[in-house]
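Quick notes on the structure that follows.
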Amino acid sequence: MNKAITDGVLLMPPVFANGLDVWSSGDGTPGSDTYENAINAAYVPADQDFSGCLEMVKTESTQKLRHMGQTPILPGCYLRVTARVKAVSGNLPSVRIAAWAGDGSGNSVTGITTTGPSQTLTSYGEVVEINAIVGAGDRGGVDMVWGNAPVYGHFGLDLTGSNGGFVRIDDIVIEDITSAFLRSMMNWVDVRDYGAIGDGVTNDAPAFEAANADAGGRSVLVSEGTYYLGDNVTFDTRAVFEGTVVMPEDKYLSLTKNFDLPSYIEAFGDESLVFKKAFQSLLNNSDHETLDLGGRRVTVTEPIDMQAAVSNNSTYAQRRVIRNGQFYVAGDTAWDPEVTTSVGSYSVSNDRTLSNVTNVANVQIGSLVTGNGVGREVYVRGKNEATQELTLSQPLFDAVGTQNYTFTRYKYVLDFSGFAKLSSFVISDVDFLCNSKASGILMAIKGLIFHVKDCFFTEPKHRGITSPGDGCKGMLIDRFNFTTAEGGTPAQDRVSVAINSNANDVKVRNNRASQFRHFYVSGGANSIITGNHFFQGDDETAGLRTAGIILTQSHCSTTIDGNYVDNCSIEWTNEYDPEPDFTSGFSFSALSVTDNVFLSGNVAPWFFYLVIKPHGAGHSITGLSVTGNKFRSIQGTAIDRVDRVDTSYGDLGMSRGKHVLVEVNTFHAVETPIYNSLVIEHDQNSTAQTWVVDSDDRLPFGGHARSVESVVMIGKIKNSNNVTEYTVPYVTTEQGSGGDQLHLTWEKPVSGNVAVRMRMD
C-alpha cells in the first residue's frame, strides 16, 4: 500500500533548489514569513555530502522550517518524514522533525503531538539523519499520533538549543510507509510476503503454510495470481482468495475456519472440481464435520466419483454431512447408461455370485442386473476379473444354470460406489436437479446409517437413491420430495424407482414421491415405512397400476404405517430367495399394515391394493396385521376387492397359516371388503340338518374358513312345525370347492338365523 504509487498522491516537498519562497520560518500556513531573501538562510548549490542544500543560521530559540504546501493526511496511511543535517560551525543545536496539523476548515488541530524525537548534533561535518512517523493510529513506531481530525500538515523540522550555529539541511523526504504497518494494522497476512510466486508452476505450498503459521489469528490473503500447491495445505485461520489455486488430484486444501463451498469456489473457480476438493477435505480433516454448500448451485456435467475425490480413503466411518445447496445437472452423453450383455452361470450353492461371466471386465460395479429369474433391483456389488465372477446384491430366485444377463450402469450425480464402506454419512437440505438426465445417489457397497433428509430429487432419469450392496444398513430417508421425470408416461411403462435397499433396519419416513414406477423396493427386514405419500396414477382410462412398495423377503418383519398409498399397491414377494419353494421357516410373516390411506381413481375393477406374490410353492401367511386402514376408489370406479394373490410363480396354501389380523378397516367403492375374523349372518329359511355358511369371499386373500370363534343364534331355532328346538350345531370347516365354507350340523333339521364368527387362520 503506497498512495504515492497507487493513487498518484503528491507527498514529497519541492527541493530547495526550486526556491525558498515555499519554505516558512513559521508554521507554514498562508501568509507566514519565508526564507526567501532571509539574512540567516541561503541555498548552497554544492556540498560534499549533499548535492544541494539549505544553509541556516540558528537565530531563534526554536528555529522552524516548514513546507508551505499541504501534505495530505489520508485515513489508514502512515508517513515518514526524513531530514539529513550536519553542523558546519558555531554552537551545536538539537534537531527534530516537526509539523503543523490542519483540519478541513484550515484551522489548527490542537491536543496532538506535532514534533518527533529530538537529536543533538555532536560534531561538525557529520551527517545525521533524523525522522519521525505520523499517522492516525496509535501503533508501535508512530511518533506523531494524529487521529482522524487532521486532513493535511505542513512538515519540516525544528532547531532547538543554543543560537548561533550554522547548519546545512538536505532536501526533506516524505514517504508513505503504510506497508510497514500492514501486518499489525490489517487482519490478514499475504502469502506473497512469505515467498509465494503465483505463477501456476512453482510449488507455493511452503509459503502458504508459513503464512498460516505466522497469521496469529489473522486471515491469510491469497492475492491475485495462480498458485500451484504441490502438497496438502491446511489453514488454521480464515483464508481470503483474490487469486486461485491448483493442486494435484490427491492433494487437499483444508479451510478450517471457512469450510464451505463458496470459499472453495473462490479458491479453485471450477464448481465441479471445487465440490470434489471440498469433499476431499471433509474426509481428510477432523476440524469440520459439515460441508456447507452455502446455498450455492453446483453445475454438474458428469457423474461425481466421490471415492476418486478421496483416493487415499476407501473406507470412512466418522459422521460427515453435506448440506444446504443444489446440484444442477447439465451435459448430455456423459449421463447415458452403459449397457453390457454377458453370459453367466448361477448356482444356489453360491447364491450371490455369477460365475464364468464373459466380458466381465466391461461390467461395472453398481450395474442393475436383469435376466430370467432375476428379482427387481438386483445390482453388481463386486467383481473379480481374474476368476470371471460377479458378486450380486441379492440372490436370484430362478436362474440356475447358464444364460444371458444384461448389466445396466445408470449414471448418478453423487456416486459413492467406489467406497468399500461408508458409515454415518448425512446429506441434508440438498436439491438434486437431475433434469431427466441423471440419477441421484448411488451408495457405497457397505456401511451403516446413511442418512438423507430434507432433500428434493427433481426428475431423476432412472433412480433416486440406489443401494448396490449393504451400504444401506440402518439407512434413514426422511422428508424427501421425489418428483418424476415420467409424469406423462402410463404407469406400467415407467422405469424409474425412487429408493431401494438391501439391508435391514431401514427407516423411510415422511417422504413424497410422484409417478415413479416404484416408490420403494425393500430387500431387507425390520424396516419402518411411515408417513409417506407416494402417487403413481396416470391419465389412462381404466389404467394399470404398479406397486408403490415392494417387499422382497417373505419374513420381512416390516411396519407400514400412516402412509398415503395413492394409485398403487403394496406387493409382498420372496423374489430374493434363491430357493423360493417353501421348506422351512416362517413363510410370509411379520408384516404390519396399519392406519394407511389407500386411494385409487380411474382404475380397472380388478386393481388391488395388497398383493402377495409367492415365487415358489408351499407358502402360507403366518403373520400379517392389516388394521385401521382406509380403502377407497374414486372417479366412479368401484374395485372388486383390495387383496389378491399373484399366482404367476406359486400360490399360497390356505389350509395352513396363522396370526392373520384384518379388522377396523373401512371400505368405500370396494365391492368385497375383507375381514379376519369375519362375522357372517346366515339365514336358513328352509329346515335342514346341515347348514352351508359361505364366507362370501370376504376372508383375506381367498382364505379358507379354517376356524370358528362363535356361533350365535339370532332368534329361535325351529323345526318344520315352527316349534323351538333347543339344540346347538357342530362345525365342519374348509368346506366347498374353495374351502371357504362352513357346515353347521344340527341334531335334526331346523331353520333360523345365526351369526358365525369365522377365521382363515
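Readers should treat all values here as calculations from the given coordinates under stated rules, not as data from a laboratory. Values in this document were obtained by computation on a predicted structure and should not be read as measured data. Cβ placement follows ideal geometry from the backbone for every residue including glycine, while neighbour counts extend to all protein chains displayed.
Only helices enter this figure: runs of n ≥ 4 DSSP H residues, each worth -39500 (n - 2.57), summed and divided by the residues of the chain, yield -1500 deg cm²/dmol at 222 nm to the nearest 500. Listed peptides 69-78, 730-739 appear in the order 69-78, 730-739 once ranked by packing, highest mean of other Cβ atoms within 10 Å at the front.
Each label was represented as a point 7 Å from its Cα along the Cα-to-Cβ direction; for residue 454 and residue 726 these points are 7.4 nm apart. Taking Rh as the Kirkwood radius, which is the inverse of the mean 1/r over Cα pairs, what is the Rg/Rh value for the range 338-409? That ratio equals 0.89.
Extension gain, residue 478-residue 124: 0.36 nm per intervening residue step, less the Cα-Cα distance, totals 118.5 nm. A crude spin-label estimate for the pair residue 737 and residue 544, with each label 7 Å from Cα along the Cβ direction, gives 2.9 nm.
About the centre of its Cα atoms, the chain shows a dipole size close to 1680 debye [charges on the beta carbon of Lys, Arg (+1) and Asp, Glu (-1) only; nearest 20 debye]. Here the chain is treated as an ellipsoid with the same Cα gyration tensor; its semi-axes, largest first and in whole Å, are 94, 29, 18. With R₀ fixed at 41 Å, the C-beta to C-beta distance from residue 604 to residue 314 puts the FRET efficiency at about 0.25.
Between the range 638-695 and the range 126-140, the alpha-carbon centres lie 103 Å apart. The phi torsions of the range 433-443, fed into the Karplus equation with coefficients 6.51, -1.76 and 1.60 and a -60° offset, translate into couplings of 8, 7, 6, 6, 10, 10, 8, x, 10, 10, 7 Hz, rounded to whole numbers, with Gly and Pro shown as x. Normalising the average separation of contacting C-alpha pairs (under 8 angstrom, six or more residues apart) by the number of residues puts the relative contact order of the chain at 6 percent.
The residues packed around residue 324, meaning those with a beta-carbon under 13 Å from its beta-carbon, carry a net charge of -1 if Lys and Arg are +1 and Asp and Glu are -1.
Between residue 630 and residue 251, how high is the FRET efficiency from 1/(1 + (r/R0)^6) when r is the Cβ-Cβ distance and R₀ = 45 Å? Nearest 0.05.
0.15
Mind pulling the angle between the C-alpha long axis of helix 271-282 and the longest principal axis of the chain? Nearest 10 degrees, somewhere in 0 to 90. Rounded to the nearest ten degrees, it is 90. Would you please name the chymotrypsin sites (Phe, Trp or Tyr not before Pro) within the range 79-178 that are DSSP coil residues with at most 16 other C-beta atoms within 10 Å of their C-beta? Answer by residue number: there is no such site.
Dividing the radius of gyration of the alpha carbons in the range 26-94 by their Kirkwood radius gives 0.99 for Rg/Rh. Legend: calculated FRET efficiency, residue 39 to residue 223, from the Cβ-Cβ distance at R0 = 45 Å, rounded to 0.05, equals 0.25. Helix 205-214 and the long axis of the chain differ in direction by around 70°, with both axes built from C-alpha atoms. Packing around the peptides 219-226, 419-426, taken as the average count of other Cβ atoms within 10 Å per residue, puts them in this order, highest first: 419-426, 219-226. Note on residue 647 and residue 352: the model spin-label points, each 7 Å out from Cα along the C-beta direction, lie 3.5 nm apart. Cross-link reach is defined here as a Cα-Cα straight distance under 13 Å, omitting same-chain residues fewer than 8 places apart; for residue 446 the aspartates and glutamates meeting it are 470. Within straight-line reach of residue 453, meaning a Cα separation under 13 Å, sit the following aspartates and glutamates at least 8 residues removed in sequence or on another chain: 429, 431, 478. Which aspartates and glutamates, on any chain, are close to residue 473 with Cα under 13 Å apart, when same-chain ones fewer than 8 places away are left out? Partners found: 505.
The Cα-based radius of gyration and maximum Cα-Cα distance (Dmax) for the range 184-293 are 12.6, 37 Å.
Sorted on the mean count of surrounding Cβ atoms within 10 Å across their residues, most packed first, peptides 519-530, 245-256 read 519-530, 245-256.
Looking at this model, which pairs from 716/748; 383/461; 421/507 are more than 18 angstrom apart at the alpha-carbon? Over 18 Å apart, Cα to Cα: 383/461; 421/507.
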